[in-house]
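The values are calculated or read from the model by the stated rules, or taken from the named source; none is laboratory data. As the structure is a computational prediction, the values presented were derived from the model and not from experiment. Here the Cβ positions follow ideal geometry from the backbone for every residue, glycine too, while neighbour counts run over all protein chains shown.
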Amino acid sequence: MNLKNLLFLVGITILSTPLGMAATGTTNINGTVEDSELTGQLKFEDTQDGLKITGSIEKIGMGDHGFHIHEFGDCSDEGKAAGSHYNPDQKPHGHAMKDGTKKVHPGDLGNLSVGNDGKAKVDILLPGVTLSAGKYNVAGRAVIIHEKKDDFGQPTGNAGGRIGCGSILLTSK
């Protein structure tokens, strides 16, 4: 095959492959202390509008709990090894879905609302964030669930200790 034909085939292959194929990921959330029953699973999917996060958390105390993406995917030391909120541009704390990543850091997911049954459903879209491409990618980082409600105060939302943690891993659909 000559170079011209090879380049033609490569071009056709590139054009026929969906650009920016959607990456997918998952995290299994577990309690940060040995006797915790907290558990859950979240799924992540890149979309044209941002990162879609769905799933559920169970066996968690009723009320609101701060919910953030942190710098590192390490859940050891009761979740402290996950580092600070994911904040590559050193933006103030806020609510990324409402305020956008131009104003606040992309790790700010707001609060999980937990019902009397100890369960929380997650179904959010995080604009401007991806799993593995672009400036605000979160694969390899951790999701942290905090003991208290995030009040959106500075610098971290006053949400208290880390009661749940899970590393965000890429998956094959």
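Could you list all residues from region 145-173 that are modelled with pLDDT under 95 and in contact with a helix residue (DSSP H, G or I) (Cβ under 8 Å, 6 or more places away or on another chain)?
Listed by number, the list holds a single entry, ARG162.
If we only count strands (runs of 3 or more DSSP E) wholly inside region 81-151, which ones have 3 or more residues that are buried (at least 21 other Cβ atoms within 10 Å of the Cβ) and in contact with a strand residue (DSSP E or B) (Cβ under 7 Å, 6 or more places away or on another chain)?
Filter on region 81-151 gives 108-114, 142-146.
Within region 67-90, restricting attention to residues that are modelled with pLDDT under 95 and of a type in the set (Ser, Thr, Tyr), which residue is nearest to HIS146 (Cα to Cα)?
Here the residue is SER84.
I'm checking my understanding of the structure. Among residues of region 50-75 that are outside any strand (DSSP E or B) and over 15 Å from GLY161 (Cβ atoms), which one is farthest from the chain's Cα centre (by Cα)?
Filtering first and then ranking leaves MET62.
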